[in-house]
Every structure is written in C-alpha cells, then in structure tokens.
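The values are calculated or read from the model by the stated rules, or taken from the named source; none is laboratory data. Here the structure is a predicted model, which means the values were calculated and not measured. Virtual Cβ from ideal backbone geometry, glycine too; neighbours counted across all protein chains shown.
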Amino acid sequence: MQLRSLVRPEQGLISRQVFTDHGVYERELEKIFARCWLYLGHVSQIPNDGDFFTTYMGADSVLVTRAGGTVRAFLNSCTHRGMKVCRTDHGNARDFTCPYHGWNFANDGRLNGVPGLRQAYNNELDVSKFGLRSVANLDTFGGLIFATWDPDAPALLDYLGGMAPYLDRFTDRMEGGIVMIGGVQKWEVPCNWKFIAENFLADSYHVATTHASVVDIGFRKRPQLRGYQIAPGNGHGFCSEQGGIGEGVAQNAYTDFIKRLRESIDDNPANRFIPLGHGTVFPNLSFLDTMKFRLLRLSHPRGPALTESHAMCFVDKALSPELREAVRRNFILSFGPSGMFEVEDGEMWGEVEDGLRGYMTRQMDFNYAMGLNRDRPVAEQFGLDLPGRAGFYWSELAQRDYYVRWRELMEA
Amino acid sequence: MDQTSRHATMAAIQAFQAHEILLLQSRRYVDWLKLFTSDLHYWMPVASVNETGEAAAPDELAHFDDTLETLTMRVRRAMSRFAWTEHPPSRIRYFVMPLWFDQQADNVEVDSNLMVYQTRLQREENLFVGTRKDVLRRVDKDFRIAARKVTLDRSVVAAKNITVFF
C-alpha cells in the first residue's frame, strides 16, 4: 500500500482506508505501537511494594509491577506457551504462576520455578533466559509511566519534545503533583483507534454540533471561537478555548479554584495554558483538562474497527477533599461512556466507522484542510518562550502534524 | 414479618418495578424522575477484574454517581432535540427480577437481577446485565426510590456509550 499517496496531510487529505485496512492496522502494531513511547499508567496506581496492574501496549497485554521500589513492565505472556500469567486488572502479588503449566515468575520478571525442571528438563533449561519479556525502556514524566519496546527509541523527554513544557502543567502545577482517583472506566467503541486520538488531539470544531445537547440544557456555555491550537512537534498537540474549556452556566468551586491557581503560581510561561484543554500525546494518550475536571484517556487498538477506551480521573494531590470530590463528580457526569458529552462522541465514531464498510466510501478521503498554512510560532503568537506552532482554535493543524508523524513512522 | 405479609410486600415491590419499567420503556423520563426521593443517590461504580470481585469504592470512579439534581440534568439532556444518541429513539426492553428484600423501619432494601436490552438504528445492539440494589422508602402508601446501586457484570462495557437509564 502506497501510504504517501493515501496520506497527504500537506494537502489536507487522508484516505479513509487507513482507518479500515487490516494491512495498515497490522503495520501500526509493528511500526507505531512496538516503537513509540506508550502510556501505561500512573505511579499512584501502584504505591506499595508488590502492587500491580494490567493494561495494553497496542494490542499486547502488559503487566506493570512495583518490586523493590522499582516500576517494571512486562508482556503478560508466559514464556513457555503464552498463557497470560496475570488475569486481574490490579492487585498485589510477589509472584505470578501461569495457570497452564505452572511456570512461576517473580514480580521483577525472573522465572522463579518450573515444574519438572529436574525430572523433565534434566536441569538443562536455562531459566535465566526465560523471564517475562520486559519492555526495552521505562521512564516517568510527572508520575506518568511510559514504556517502549524499541531499544533504540530516544529518551522519553526527547520523545515528548515540545510537548513536555505544556504537559508539565497538567502533571505538576501544585506541590506533590497529581494522583489518580481509583478505578478505570473501560468500554469498547466500534471504531478505529485514531478517530478518538485525533478527536481529543485537535477537534474543537465538533463541540458546537456534536455536543449541542449539553449547551441546550445550559450545562455548558455556548462554545466561543476565541482560543488556540498548539502543535509542538512529534505529532503531539492540544487546544483550548481562551481561559479554559468547559465553564458552565452555573459556576462551581473548582472553576474558581483554577482561576485563582493560574494567577498565584510561579512565573512559568506555560501557566497561561492552565487548564490545557484537550490534546493527545502521540500516538494514543489523550487528555482533557478543563475548568471542571481532568482526565487521561487511552485508545487501545483492538482491530481496525474496534477500540478499547480507558478513562482515568486525576486531581492535584494537594487539592482539598471537597474539590477532589467535585472534580470526580464533574468528570463522571461529563465524560466516559455515560458522560453527557461523551455519549455523543461514541455515537459519531461508531456511525462513521459503520459507514466505512462500503467499498466506494473507502475510496474517498477525509478532509483536514482547516487552517492550512495559517499557523505561526507560539513564540510569535503569544510572545512567550515556548516551542511549537499555534493556530486558530478551530483548526486541523495538529491533526495534520499527527498524520505526518504517523506516515513517517509507518514508512520507516 | 410473617409469610403472608412478606408475600404482600414482594407483590408491592413487583408492581412498583413493573410500573417503573413501563415508564422507562416508553421513555417517559420526566414521570420516571418522580419515583425518586429528593435525597436520592443513584450510583453505578465501575467494575474491575480483581480477586475480591468488588466494584470501585464510593470515592472512586463510577459510570453514574448522581443526585436527583444531576440525574434530572441527564434526563433533560437525553430529551434535548440535539441529543443525537436518542434521535431517532432507541428501543429498550427491561427485565428486572427481584430476588430478596430486607424490611427496615421506613425502608425496604431490594436486591434484583437486571437486564437491559437496547437496540438503535438498523442493527446496533447493547446488552447491560448486572445487579441492582434499591432502597425503597414508603411515602404515602407508595414506594419512592431513595438509593440505587447498579453493578454491571462486564468490566469492559460492551457499548460505545451508555444512554439508557437503569
């Protein structure tokens, strides 16, 4: 498949086939998900020795553990016959015994025990070579755990690149950073994973139409056109209404808190972007940071037309219990599978993908021409010493960047 | 409570549940809201796969964690002419099976099995199966729902959105 002729973000055109084709999907698993830094979870999910949780890296089940103070991540696959050695979402364990043939792995990945090692393997199996398959590299950013399968991947901070000074305002704007509220919302959306990643990345345009019902009932103010979109490079990006997304008609305590916070903290030039708005860290970690709540989102690929969405709610560790509770409730009411906003996103994504079953539909392009060649450096637009290019709030600038990055990795 | 009055209470619970189902199936949500007390707690904690089988705790994440005020907001949104999720409307079928009740001073706590089938557009189908614990309060010889906890059995919700009420 000639990706260069199908993916032409420079002209604002991308073939619909990259959202349906099985060959493209398989190539994404190899070229994107087995190479990029991927978000696994937050350190506050595993505060104690022996804590663990399971998640995905691409379509691979992954086990994340804390052992002896070190966070590690492994393929959740027995090195003998591939059975999942861990079958719960979270818990605490010093070791994991494969239920198939009984191979036992320590939570640091070492192969501890093999039934019949002496009698059946004649002590000739080198157990040191058959520990759980570890990620090539693991690092954290503001408590966010990332890992990559690529031993030649750049350092995490280089991978985040221009996104880092902005993402830092998501994770570290108060003393102590952020903590995750317990529990993960998980649900299946019958669409390509990129629909969700690119929507969070830069689709400010859909809000007024898709989410008209929440405006209709006064839960959200009518979207204003004043705002910005920022493409800091490497396929990452975010955007926001001026002053922050999601102020309601009825004020709430957290909204006032954010306004005071923005004025009171140190002179970091990126403070003016608090709350960040919505965005995506390439390829599939999205966030939403509004005047009402803060979340992280993972779009795990489960085939070209199925995504497993995971949504997690975050608060500043130093936040008062009352505000923490307000954020939790605001989030549940607004986003996730039952959120008053997000129910409509699911409706759009599922129906778009359903329409792509047709042959003729797939011969067409999606249009990404909004704001083409209308961006300028952040430094120029805002007079701040910050990286990236800035566009209008309604723009497809960051999405074009995303698919340039996507094509570059897919062709490598 | 003797056996006869237990039967009578169970019959009253079933009649109340049937009435609620008729309201929900015909999407008469404004009338449905009248079945709740003003101090309502309407809650669906997220389920996860763990050794205890417990769903998320009250201070953790949920799919619904509503007061009567926020549940009313959800209903108003669902009835907005811009709520694409219900234009055209879903066809929804409720199967509620009361299993046990516990009579307290003013309240009856009812444990039920719950199955909600939703079909939308040409062939979309969603099945929500779980348990429901209701606290029913006697008000003017009738029941009102003071608390509802729904726990779905599937930890990864098999639907692109949850637009039905439980």
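Against the test of being more than 14 Å from chain B (Cβ to nearest Cβ), buried (at least 23 other Cβ atoms within 10 Å of the Cβ) and in contact with a Cys (Cβ under 9 Å, 6 or more places away or on another chain), the options A:LEU144, A:LEU132 yield a single qualifying residue, A:LEU132. Of all residues in the range A:323-343, those satisfying the criterion of being farther than 20 Å from A:THR171 by Cα and out of contact with any strand residue (DSSP E or B) (no Cβ under 7 Å at 6 or more places or on another chain) are A:LEU333, A:SER334, A:GLY339, A:MET340, A:PHE341, A:GLU342, A:VAL343.
Table: residues versus (1) outside the structural domain of A:ASN367 (by TED's automatic domain parsing); (2) β-branched (Val, Ile, Thr); (3) surrounded by 16 or more Cβ atoms within 10 Å (Cβ to Cβ); (4) more than 26 Å from A:LEU296 (Cα to Cα).
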| position | (1), (2), (3), (4) |
| --- | --- |
| A:ARG4 | yes, no, no, yes |
| A:PHE19 | no, no, yes, no |
| A:LYS31 | yes, no, yes, no |
| A:VAL43 | yes, yes, yes, no |
| A:ARG72 | yes, no, yes, no |
| A:ASN76 | yes, no, yes, no |
| A:CYS86 | yes, no, yes, no |
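B:ALA18 meets all of the listed conditions (1) within 29 Å of B:SER80 (Cβ to Cβ); (2) among the small types (Gly, Ala, Ser); (3) not in a helix (DSSP H, G or I) but one, namely (3).
Selection within the range B:117-150: residues that are surrounded by 20 or more Cβ atoms within 10 Å (Cβ to Cβ) and within 13 Å of another protein chain (Cβ to nearest Cβ). The member of this set that is farthest from B:GLN25 (Cα to Cα) is B:VAL150. Taking the range B:43-67, which residues are farther than 16 Å from B:ARG154 by Cβ, under 13 Å from the mean Cα position of the chain (by Cα) and more than 7 Å from chain A (Cβ to nearest Cβ)? Listed by number, the residues that qualify are B:TRP43, B:ASP66. Out of B:ASP39, B:ASP31, one residue alone is more than 9 Å from chain A (Cβ to nearest Cβ), assigned to a helix (DSSP H, G or I) and within 30 Å of B:ALA8 (Cβ to Cβ). It is B:ASP31.
Here is a yes/no grid of residues against (1) within 20 Å of the chain's Cα centre (by Cα); (2) surrounded by fewer than 23 Cβ atoms within 10 Å (Cβ to Cβ); (3) in contact (Cβ under 8 Å) with a residue 60 or more places away in the chain:
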residue: A:SER264; (1), (2), (3): no, yes, no
residue: A:ALA270; (1), (2), (3): no, yes, yes
residue: A:ALA305; (1), (2), (3): yes, yes, yes
residue: A:HIS310; (1), (2), (3): yes, yes, yes
residue: A:PHE314; (1), (2), (3): yes, no, yes
residue: A:LYS317; (1), (2), (3): no, yes, yes
residue: A:ARG329; (1), (2), (3): no, yes, no
residue: A:SER338; (1), (2), (3): yes, no, no
residue: A:ASP354; (1), (2), (3): no, yes, yes
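Remark: pairs (first residue in the range A:225-244, assigned by TED's automatic domain parsing to the domain that holds A:SER286; second residue assigned to a loop (DSSP other than H, G, I, E, B) and acidic (Asp, Glu); Cβ separation under 6 Å; 6+ apart in sequence or on different chains) are absent.
Could you tell me whether A:GLY277 is among the small types (Gly, Ala, Ser) and either surrounded by fewer than 15 Cβ atoms within 10 Å (Cβ to Cβ) or modelled with pLDDT under 95 (or both)? Criteria not met by A:GLY277.
Kindly state which helices (runs of 4 or more DSSP H) lie completely within the range A:183-227 and contain at least 2 residues that are farther than 28 Å from A:HIS300 by Cα.
A:212-216
Say whether the condition of being more than 14 Å from chain B (Cβ to nearest Cβ), among the hydroxyl-bearing types (Ser, Thr, Tyr) and touching a residue at least 12 places away in the same chain (Cβ under 8 Å) is met by at least one residue in the range A:80-94. Looking for residues that are more than 14 Å from chain B (Cβ to nearest Cβ), among the hydroxyl-bearing types (Ser, Thr, Tyr) and touching a residue at least 12 places away in the same chain (Cβ under 8 Å), one finds none in the range A:80-94, hence no.
In the range A:362-386, the residues that are assigned to a strand (DSSP E or B) form Cβ pairs under 9 Å with partners that are aromatic (Phe, Trp, Tyr), at six or more places apart or across chains, as follows: A:PHE366/A:PHE19. Taking the listed residues A:GLY339, A:GLY350, the one that is within 13 Å of chain B (Cβ to nearest Cβ) and either part of a loop (DSSP other than H, G, I, E, B) or more than 29 Å from A:VAL7 (Cβ to Cβ) (or both) is A:GLY339, with no other qualifying. Scanning the range A:105-112 for any residue that is assigned to a helix (DSSP H, G or I) and in contact with a Phe, Trp or Tyr (Cβ under 9 Å, 6 or more places away or on another chain) turns up nothing. Scanning the range A:119-146 for residues being part of a loop (DSSP other than H, G, I, E, B) and either within 21 Å of A:GLY277 (Cα to Cα) or within 21 Å of the chain's Cα centre (by Cα) (or both) gives a total of 4.
Among the residues of the range A:307-321, the ones that are among the polar types (S, T, N, Q) and either within 11 Å of chain B (Cβ to nearest Cβ) or closer than 30 Å to A:TYR56 by Cα (or both) come to 2 in all.
A count restricted to the range A:180-203 and to residues that are in contact with a helix residue (DSSP H, G or I) (Cβ under 8 Å, 6 or more places away or on another chain) and more than 7 Å from every other protein chain (Cβ to nearest Cβ) stands at 12. In the range A:147-181, the residue that is farthest from the chain's Cα centre (by Cα) out of those that are assigned by TED's automatic domain parsing to the domain that holds A:ARG389 and assigned to a loop (DSSP other than H, G, I, E, B) is A:GLU175.
Taken over the range A:280-293, residues that are touching a helix residue (DSSP H, G or I) at 6+ places or on another chain (Cβ under 7 Å) and modelled with pLDDT under 95 amount to 3.
Residues of the range B:57-78 include at least one that is under 26 Å from A:GLN185 (Cα atoms), of a type in the set (Lys, Arg), out of contact with any helix residue (DSSP H, G or I) (no Cβ under 8 Å at 6 or more places or on another chain) and crowded, with 18+ Cβ neighbours inside 10 Å. B:ILE145 meets each of the listed conditions (1) under 30 Å from A:MET348 (Cβ atoms); (2) touching a residue at least 40 places away in the same chain (Cβ under 8 Å) apart from (1).
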